[in-house]
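Q: First, the structure itself, so that you have it in front of you.
The values are calculated or read from the model by the stated rules, or taken from the named source; none is laboratory data. On a predicted model such as this, the values are computed, not experimentally measured, just so you know. Glycine also receives a Cβ, built like all others from the backbone with ideal geometry; neighbour counts cover every protein chain displayed. These area figures cover heavy atoms from the full protein model, side chains too; ligands, DNA and RNA do not enter into them. Shrake-Rupley method; radii C 1.70, N 1.55, O 1.52, S 1.80 Å.
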Amino acid sequence: MSWLLLEEHHNFIPAWQLIHGIAKVNDIELTRAAHLLVRLNKQDPVDGCYPAPFYGYRKFDGYFLASDTEINLCIEALRKAILCNIVSVFDDGKIIDLSLEHGFEAQKGMDFFFRKQDVLKAINDKSIELGEVIPIPDCLLGAPKAPPSARQPSNKTKNSQAQFIKGLLTVMYGEDVAASPRRHIDGKRSQIRNDLEIKNLPCPSGVTVEKWLSEAD
């Protein structure tokens, strides 16, 4: 084994490289790729964790988990990239804004990292949730394999879960809503979504709920 493996560079990927990889595999612009990365790495509303945590790097310490303050800086950098198509960088003691393309060329403005295994697992989990295979960016190919996801529930378990969800919807909102919940969930004024948001509870998309209910016999 090479001593250089102790640096762990093979286990981590710079944010710029990942964003570029997402852009390349989808044939889209960097700003759109940054948006998709944010969608993949949405913060859990319950425990506040991210599927792919943010990391920093110091020459002496190596890779380290970002603090809350540092995470906010990472989120702000992504926000600027998505909404304004710019990144902010230090230049001669001043902060200047560069276009996303110039920031990528200089490899500045996105000075954080992700662990490759975390990103791969997030992609795998999201693929299962959506029922579609999300293509893996080339920059992640050959990375250490993500730990296997928990064993998928049996069809019997899925059926029982779907029947329970449908039963709750029937009790709370009636048979018509339980039979076609999508239009009562999607949209800002949808009844089910509003009821959950009032209690600060997360709400899946109507498409996802209907997919769950399709498992019910």
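Q: Considering only residues that are polar (S, T, N, Q) and open to solvent by 70 Å² or more (accessible area, probe 1.4 Å), which ones fall in region 57-83?
A: Residues satisfying the conditions are Thr69, Asn72.
Q: Residue under question is Tyr50, and the condition is that it be open to solvent by 70 Å² or more (accessible area, probe 1.4 Å), aromatic (Phe, Trp, Tyr) and within 30 Å of Leu6 (Cα to Cα); does it hold?
A: no
Q: Filtering region 173-182 down to residues that are out of contact with any Lys or Arg (no Cβ under 8 Å at 6 or more places or on another chain), part of a helix (DSSP H, G or I) and surrounded by 13 or more Cβ atoms within 10 Å (Cβ to Cβ), which residue is modelled with the lowest pLDDT?
A: Among residues in region 173-182 that are out of contact with any Lys or Arg (no Cβ under 8 Å at 6 or more places or on another chain), part of a helix (DSSP H, G or I) and surrounded by 13 or more Cβ atoms within 10 Å (Cβ to Cβ), the one modelled with the lowest pLDDT is Arg182.
Q: Do we find a residue being without any contact (Cβ under 8 Å) to a residue 60 or more places away in the chain, open to solvent by less than 70 Å² (accessible area, probe 1.4 Å) and out of contact with any strand residue (DSSP E or B) (no Cβ under 8 Å at 6 or more places or on another chain) anywhere in region 101-120?
A: Taking every residue of region 101-120 in turn, at least one turns out to be without any contact (Cβ under 8 Å) to a residue 60 or more places away in the chain, open to solvent by less than 70 Å² (accessible area, probe 1.4 Å) and out of contact with any strand residue (DSSP E or B) (no Cβ under 8 Å at 6 or more places or on another chain).
Q: A further question follows. List pairs: first residue in region 170-181 and polar (S, T, N, Q), second residue surrounded by 14 or more Cβ atoms within 10 Å (Cβ to Cβ) anywhere in the structure, Cβ distance under 6 angstrom, at least six positions apart or on different chains.
A: Thr170/Ala178
Q: While we're looking at this one, here's another question. Based on this model, can you work out whether Ile86 counts as of a type in the set (Val, Ile, Thr), closer than 23 Å to Gly142 by Cβ and open to solvent by less than 50 Å² (accessible area, probe 1.4 Å)?
A: Criteria not met by Ile86.
Q: Going by the conditions given, is Leu18 in contact (Cβ under 8 Å) with a residue 12 or more places away in the chain, loosely packed, with under 12 Cβ neighbours inside 10 Å, under 19 Å from Lys116 (Cα atoms) and not polar (S, T, N, Q)?
A: No: the conditions fail for Leu18.
Q: Looking only at residues in region 130-160 that are modelled with pLDDT of 85 or more and under 16 Å from Ser214 (Cβ atoms), which one is most open to solvent (accessible area, probe 1.4 Å)?
A: Glu132
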